[in-house]
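Okay, structure first, notes after.
The values are calculated or read from the model by the stated rules, or taken from the named source; none is laboratory data. This is a predicted model, so every value here is computed, not measured. Here the Cβ positions follow ideal geometry from the backbone for every residue, glycine too, while neighbour counts run over all protein chains shown.
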Amino acid sequence: MIQITLPDGSIREFSQAVTVADVAASIGAGLAKAALGGKIDSKVVDTSYLIEASCPLSIVTAKDADGLELIRHSTAHLLAYAVKTLFPEAQVTIGPVIEHGFYYDFSYKRPFTPEDLVAIEKKMTELANKDEPITRRVLPRDEAVAHFKAMGEAYKAEIIGGIPAGQDVSLYREGGFEDLCRGPHVPSTGKLKHFKLMKVAGAYWRGDHRNEMLQRVYGTAWATKDELQQHLTMLEEAEKRDHRKLGKELDLFHIDEHSPGTVFWHPKGWTLWQQVEQYMRRVYRDNGYQEVKGPQILDQGLWEKTGHWDKYRENMFVTESEKRDYALKPMNCPGHIIIFKQGTKSYRDLPLRFGEFGQCHRNEPTGGLHGIMRVRAFTQDDGHIFCMEDQIQGEVVAFTTLLQKVYKDFGFTDIIYKLSTRPEKRIGSEESWDRAEQALAEGLKASGCDFEYLPGEGAFYGPKIEYTLKDALGRPWQCGTIQVDPNMPERLDAEFVGEDGERHRPIMLHRAIVGSLERFIGILIEQHAGALPVWLAPTQVVVLNITDAQADYAQSVCDQLNTAGVRASVDLHNDKITYKVRKHSMQKVPFMLVVGDKEREAGAVAVRGRGNQDLGVMPIAGFIEKLQADIRNLA
């Protein structure tokens, strides 16, 4: 007798082996129709999977996260099916699920055009409407290689050839298309209804620039029509908010071919940068951090001691001087340990908190660069806390509280907390890992944070907390982190004198709140669609005269604002006032002060707020007081 335990605790008994589909049908016709797969323990399987022993089982439907992944995985295969139908000479390679969708890479004699994508999507719909069953079979490795070679699918044959000899591989067929895949898949193409192809891009075979450039077709797939439409609407809004587009329109920065992956900041963009940096500098000062500054270039021997040279060499920019090899730093932590080691440190000095706006360089592949979000030269709000093991929890509480305030001040209130625990390959005793993980968990609990565990996702030397903020469009951005590291102090021989008079190793906590300032500013621009809060706006106020007769008065108003610490400019161009208002509205300036003869005679200004708000006429001093109050409140 086979006993199937369902999620509600009830048990279904069967006298012989049954499929997942059979179990779903025994529960009800509605569930049988909705079933996309099954989950046995933590493994997702096809509905055709044969259950031969008692086990727990949950039926996976489109309402489940696993169901959505099944839909996206299967839609990637539907894409390949459609491409092979329309373009039989195309060769298929790989097609994984990614966030919000999928992609599939193809080798074809010419680039796919936008018109091709329309035709492919239309064919996908036709094939889905046929509701063809998706079936699985298993072949020995060598037989599968021969099978795909006979089909002319050289890439698939190469992939299978990399599998150890003697192993079996699984193939999935739908209609006239068969593909290599571990599965699982939805039971038939008719389950795939809500998808859209998004774009085509280049991608090297196996990610190696020495290989052929393939064509990567991206798509998105969802469980319902409404979810698909919501996602497409979000993408439209995201395109409007794209920091690269707004950076150009608002004259903030540009990326230049003369220095790929680095940012040329324009005056207004650098003003924005300074507001973020100076804010974070105040955060350091007010929360017990001592700001330090380390050199950009450090000797190769140091990177060998830290382990970066072996693990990270290909991402480091290197140079040589007087027969010594150096590297531009990809991170700040070794420099902070060198500073810590100067002079004797006592347990009374701990916790010791260092902060640095340290510029780092990482040799990212050109294809991975993205505006100011992913660059080769970036500055981190980098901090390291040297402490004793029993101080970790308190530091986590203090750091989490601080991070929440910083994110709120920048306009982010939705934060996701994740705790990454010990990986399979690690150093240190199990007891030290237990204590470190418990300290991080208790710190989050004491901060009132709900969090999820990421088993095995910690670094080889210690666990970490990841802080992910959600923006106005609901997109997640992992920015903050705090990570336990007893390893680097050991490697670089950092010590403190304990209460017992003996020398001990400190624990090093790597921590960042905004992370890369470049990336965070890109996130800010997109969060606020370029309409930055008053305290961050590069230009907070622009003064506009109606005619030349008010030019001197307009300049005087601007001077008074700048004297009061307001970032103000004046537009004295001989343009119509309606044109000036429209021009500066497009620049998303928070306030425009219009001055005509009446305002000049009254020593006042007519105030227009962003979004075409008419705030009326008020004395200059009154406006300055209002503005300063807004800035104090981080409006």
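Laid out as a table, the results:
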read-out: Those residues of region 446-493 which are surrounded by fewer than 16 Cβ atoms within 10 Å (Cβ to Cβ), within 23 Å of the chain's Cα centre (by Cα) and over 17 Å from GLY515 (Cβ atoms), in sequence order; value: ASP450, GLU452, TYR453, LEU454, PRO455, GLY456, GLU457, PHE460, ALA472, LEU473, GLY474
read-out: Region 347-378, subset in a helix (DSSP H, G or I) and more than 26 Å from PHE496 (Cβ to Cβ), residue nearest to the chain's Cα centre (by Cα); value: GLY368
read-out: Residues satisfying the stated conditions in region 37-88, i.e. surrounded by fewer than 17 Cβ atoms within 10 Å (Cβ to Cβ), in contact (Cβ under 8 Å) with a residue 40 or more places away in the chain and of a type outside the set (S, T, N, Q); value: GLU52, ALA53, CYS55, PRO56, LYS63
read-out: Residue that is nearest to HIS194 (Cα to Cα), among those in region 95-124 that are surrounded by 14 or more Cβ atoms within 10 Å (Cβ to Cβ) and either outside the structural domain of VAL200 (by TED's automatic domain parsing) or among the hydroxyl-bearing types (Ser, Thr, Tyr) (or both); value: TYR103
read-out: The lone exception for LYS156 - which of (1) surrounded by 19 or more Cβ atoms within 10 Å (Cβ to Cβ); (2) more than 19 Å from ILE98 (Cα to Cα); (3) out of contact with any Phe, Trp or Tyr (no Cβ under 6 Å at 6 or more places or on another chain) it fails; value: (3)
read-out: Region 441-482: number of residues that are closer than 9 Å to SER420 by Cβ and touching a helix residue (DSSP H, G or I) at 6+ places or on another chain (Cβ under 9 Å); value: 6
read-out: Residue that is nearest to the chain's Cα centre (by Cα), among those in region 331-344 that are surrounded by fewer than 18 Cβ atoms within 10 Å (Cβ to Cβ) and outside any helix (DSSP H, G or I); value: MET331
read-out: Of the criteria (1) assigned to a loop (DSSP other than H, G, I, E, B); (2) more than 19 Å from the chain's Cα centre (by Cα); (3) surrounded by fewer than 18 Cβ atoms within 10 Å (Cβ to Cβ), which one GLU442 fails; value: (1)
read-out: Residue list for region 149-181, filter: touching a strand residue (DSSP E or B) at 6+ places or on another chain (Cβ under 6 Å), assigned to a loop (DSSP other than H, G, I, E, B) and farther than 12 Å from ARG137 by Cβ; value: GLU153
read-out: Filter result for ALA441 (touching a residue at least 24 places away in the same chain (Cβ under 8 Å), outside the structural domain of ALA203 (by TED's automatic domain parsing) and not polar (S, T, N, Q)); value: no
read-out: Qualifying residue in region 379-390 (condition: in contact with a Gly (Cβ under 9 Å, 6 or more places away or on another chain) and of a type in the set (A, V, I, L, M)); value: yes
read-out: Residue selected from region 238-257 under the condition hydrophobic (A, V, I, L, M, F, W, C) and assigned to a helix (DSSP H, G or I), by the criterion modelled with the lowest pLDDT; value: ALA238
read-out: Test: residue in region 220-243 that is touching a residue at least 24 places away in the same chain (Cβ under 8 Å), over 27 Å from LEU403 (Cα atoms), surrounded by 19 or more Cβ atoms within 10 Å (Cβ to Cβ) and over 24 Å from the mean Cα position of the chain (by Cα); value: no
read-out: Unmet criterion (only one of (1) over 30 Å from the mean Cα position of the chain (by Cα); (2) in the same structural domain as ASP208 (by TED's automatic domain parsing); (3) of a type in the set (A, V, I, L, M)) for VAL23; value: (2)
read-out: Any hit, region 607-617, residues being more than 20 Å from ILE525 (Cα to Cα) and in a loop (DSSP other than H, G, I, E, B); value: yes
read-out: Lone qualifier among PRO538, PRO533 - being under 17 Å from LYS408 (Cα atoms), outside any helix (DSSP H, G or I) and of a type outside the set (A, V, I, L, M, F, W, C); value: PRO533
read-out: Pairs with Cβ under 6 Å, 6+ apart, first in region 470-487 and free of Cβ contacts under 8 Å to residues at least 60 places away in the same chain, second exposed (fewer than 15 other Cβ atoms within 10 Å of the Cβ) and assigned to a strand (DSSP E or B); value: LYS470/PRO476
read-out: Exclusive hit being among the small types (Gly, Ala, Ser), under 28 Å from GLU364 (Cα atoms) and either modelled with pLDDT of 95 or more or under 27 Å from the mean Cα position of the chain (by Cα) (or both), set ALA201, ALA128; value: ALA201
read-out: Test: GLY596 is in contact with a Lys or Arg (Cβ under 8 Å, 6 or more places away or on another chain) and either more than 30 Å from THR401 (Cβ to Cβ) or basic (Lys, Arg) (or both); value: no
read-out: Of all residues making up region 551-566, the number that are charged (D, E, K, R) and either modelled with pLDDT under 95 or within 23 Å of ALA629 (Cβ to Cβ) (or both); value: 1
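Residue by residue, here is whether (1) of a type outside the set (Asp, Glu); (2) in contact with a helix residue (DSSP H, G or I) (Cβ under 9 Å, 6 or more places away or on another chain) holds:
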{"position": "THR5", "(1), (2)": "yes, no"}
{"position": "ASP8", "(1), (2)": "no, no"}
{"position": "ALA17", "(1), (2)": "yes, no"}
{"position": "ILE27", "(1), (2)": "yes, no"}
{"position": "ALA35", "(1), (2)": "yes, yes"}
{"position": "ASP41", "(1), (2)": "no, no"}
{"position": "THR47", "(1), (2)": "yes, yes"}
{"position": "ILE51", "(1), (2)": "yes, yes"}
{"position": "ASP66", "(1), (2)": "no, no"}
